[in-house]
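Heads up, the thing below is written out as structure tokens.
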2 protein chains.
Amino acid sequence: MKSLIGGPGTVSGLVLRVGQFLFASASIGAMLSALGFSTFTAFSYLIASMGLQLAWSLGLACLDVYALRIKRDLQNPVLVCLFVVGDWVTATLSLAAACSSAGVTILYVTDFGLCGQLPISCRRFQISVALAFITWFLVATSSLVMFWMLGSV
Amino acid sequence: MKSLIGGPGTVSGLVLRVGQFLFASASIGAMLSALGFSTFTAFSYLIASMGLQLAWSLGLACLDVYALRIKRDLQNPVLVCLFVVGDWVTATLSLAAACSSAGVTILYVTDFGLCGQLPISCRRFQISVALAFITWFLVATSSLVMFWMLGSV
């Protein structure tokens, strides 16, 4: 199996995982610090989904560090198959969470302009959603690389 | 290139495309018939996204019919590459539209229970969102098959 940029056990793969972890953490942090987020199902789902993403990316980052240190090749079909399934599931959930939260945020900020009238932190909702989209973009990159590797076995 | 179930120019591929077309049309129909949908950006975006999906699936269904009638092989790398890009873009947009609309629908139906108090058709919003998710599932199946074919070239 060819080694690809962003593949498991490579430096670029590790950078992608660390990026996913950091942006997912920042998204959760921004949402948790926003006033009134808990009344919205979409925002609670965003936190749950980013939490799952954070755990998955941290686990794979640790595996990448281990593989880089002992110079072990992680690119065998069974492991890549596992990474593909995990990446696709978390990527789909992240996109779903980011989009549902974006839908609610746009409703409050643009459609009805309720942000000034209610005790909610619209700016933090927006920041959290933007960070969730960046996380999704990084996970989508990882999953495309993994799926491509699996297809080329 | 191996012929795959759901690939271009096969009967199963045609069935998938017709399914995508029908569910996208039904989703648009349900949303257009719902009272008060136009005040929500998410619902307007759902209609736009399902419209794009409808056009793409109809185009590929026609191409499948043509290929089946004259028994032409559509599975060459350049065409499959085009199908992959189109399928991925429309699948991502469909999921984004379905999720943002689902976020808003859940907000109205569950979080605040505003459906009985406002002149909006919540039931039709729910039906339209459910149909959009089915459309996305069918497009995601097509795109996975296409991407797998491209990876195995």
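The values are calculated or read from the model by the stated rules, or taken from the named source; none is laboratory data. Fair warning: this is a prediction, and the values are worked out from it, not measured in the lab. FYI the Cβ positions are ideal-geometry reconstructions off the backbone, even for glycines, and counts take in every protein chain you see. With ligands, DNA and RNA removed, areas are computed over all heavy atoms of the protein, side chains included. Shrake-Rupley method; radii C 1.70, N 1.55, O 1.52, S 1.80 Å.
Which value, in square angstrom to the nearest 100, describes the accessible area buried between chains A and B on both sides, using a 1.4 angstrom probe?
Protein heavy atoms only, the A-B interface buries about 2000 Å².
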Would you mind getting the accessible area per residue of segment A:11-151, heavy atoms of the protein chains only, 1.4 Å probe, in Å²?
44
Solvent exposure, largest accessible area first (probe 1.4 Å, DNA, RNA and ligands not counted), of A:ARG69, B:ARG72, B:ARG124
A:ARG69, B:ARG72, B:ARG124
Taking the full set of protein chains and a 1.4 angstrom probe, give the accessible area of B:LEU93 in square angstrom, rounded to the nearest 10.
60
What does the structure give for A:92-100 when I average, per residue, the other chain Cβ atoms found within 10 Å of the residue Cβ?
5
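Mind checking the alpha-carbon convex hull of the protein assembly as shown and giving the volume per residue in Å³?
Details: hull volume 35.5 nm³, N = 306.
Dividing the Cα hull volume of the protein assembly as shown by its residue count gives 116 Å³.
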In a Gaussian network model of chain B with springs linking alpha carbons closer than 10 Å, the residue among B:GLY29, B:GLY116, B:GLY19 that fluctuates most is B:GLY116
For segment B:17-57 versus segment A:105-125, the gap between their alpha-carbon centres in whole angstrom:
26
If one builds a Gaussian network model of chain A from Cα atoms under 10 Å apart, the most fluctuating residue listed among A:THR90, A:THR39, A:THR105 is A:THR39
Leaving out ligands, DNA and RNA but keeping every protein chain, what accessible area does B:ILE106 have, in Å² rounded to the nearest 10, with a 1.4 Å probe?
70
How much solvent-accessible surface does B:VAL85 expose, in Å² to the nearest 10, with a 1.4 Å probe and all protein chains in place?
90
Run lengths n ≥ 4 of DSSP H only: what is the helix-derived mean residue ellipticity at 222 nm for chain A, with -39500 (n - 2.57) per run over all residues, to the nearest 500?
-26000 deg cm²/dmol
For B:ARG69, go 7 angstrom from Cα along the Cα-to-Cβ vector, then report the distances to that same point in the other copies in nm, smallest first.
6.4
Using only the Cα atoms of segment A:11-151, what are the Rg and Dmax in Å?
16.9, 57
10 Å Cβ neighbours from other chains, averaged over peptide A:103-110
6
If you draw the axis that swings chain B onto chain A, which residue of B has its Cβ closest to it, and how far is that in whole Å?
B:GLY151, 1
How about the protein assembly as shown: what cysteines have no other cysteine beta carbon under 4.7 Å from their own?
A:CYS62, A:CYS81, B:CYS62, B:CYS81
Rounded to the nearest 20 debye, what is the charge dipole size of segment A:11-151 about its Cα centre when +1 sits on each Lys and Arg Cβ and -1 on each Asp and Glu Cβ?
280
